[in-house]
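Before any comments, here is the structure.
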Amino acid sequence: MNTTTPHIRRIAVAATAALVLPLSLAACSDSDGDSGGSEDRAAGTSQPKDKDKEQESKPAADSKPFGPGCASVPESGAGSFDGMAKAPVATAASNNPELSTLVTAVKKAGLVDTLNSAENITVFAPTNDAFDKIPKADLDKVLNDKEQLTKILTYHVVGQKLAPKQLEKGTYDTLEKSTLTTAGSGESYKVNDSAKVVCGNVQTSNATVHIVDTVLMPKM
């Protein structure tokens, strides 16, 4: 009995080792696999978030200004697109040299605070050249008639932000209490079939501005 016991014990130890070693390796393998899987899952969940962030940081296709008139907008400073985006609409317009006559008219009508304090509006802003189309005597008369001037200027304001897509075919209420119509596609739009949008989708802190080449006239 004493001679066989060590031998039996050696066999038992060897068998136990043979069983334990694969189990240990399997446990290590499973642990490694879980770790890799966790990393893979973590990576998998983070990638879409990163993509979402990238998409959020990219401007929408229709968020950029467009049109031939945009070339005259300064590349930097308060009158640039970036500069105008930081200011309310009347202030932003005052920083754009192409809108100086409009700004003068807005001041004469006492509408600076009204426009600057409004939220989410659209302004169809006539250029200086648009005002030049009006005979000087007629323009001077309008500029000195506050009631008529206010009526004309508020006709250029819509109480919601209009993206380019919304200009394709629409009828919108104006601050003047009547309506205007828009039509077009791509980067070519008209307001009331007469005024062309020469620089569209300009953003200010409280408004979308579509710069037009003709002064819009409401029914008097």
Fill in the blank from the handout: The simple spin-label model distance between Gln160 and Ser63, using points 7 Å out along Cα→Cβ, in nm, is 2.1 nm
Practice task
State the extension gain, in nm to one decimal, for the chain segment bounded by Leu139 and Glu187, taking 0.36 nm per residue of separation less the distance between their alpha-carbons.
Solution key: 14.3 nm
Handout entry: Volume per residue of the C-alpha convex hull in the stretch 84-180, rounded to whole Å³
Key = 104 Å³
Exercise for the section: For the stretch 70-146, run through the GluC sites (Glu not before Pro) and keep only the ones in DSSP coil with at most 16 other Cβ atoms within 10 Å of their Cβ. Expected result: Glu75, Glu119
Problem - Surface per residue (accessible, 1.4 Å probe) for the stretch 129-178, Å² - result: 61 Å²
Fill in the blank from the handout: For the stretch 99-160 the trypsin sites (Lys or Arg not before Pro) that pass both the DSSP coil test and the at-most-12 other-Cβ-within-10 Å test are Lys133
Practice task
Measure up Lys141/Lys169; Lys133/Lys161; Lys64/Lys146 against 31 Å on the Cα-Cα distance and list the ones that go over.
Solution key: Lys141/Lys169; Lys64/Lys146
Exercise for the section: Please work out the FRET efficiency for the pair Lys219 and Asp82, using the Cβ-Cβ distance as r and a Förster radius of 41 Å; give the result to the nearest 0.05. Expected result: 0.60
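The values are calculated or read from the model by the stated rules, or taken from the named source; none is laboratory data. The structure displayed is predicted, hence computed values, not measured ones. FYI the Cβ positions are ideal-geometry reconstructions off the backbone, even for glycines, and counts take in every protein chain you see. Calculation scope for accessible area: heavy atoms of the full protein, side chains included, ligands and nucleic acids excluded. Shrake-Rupley method; radii C 1.70, N 1.55, O 1.52, S 1.80 Å.
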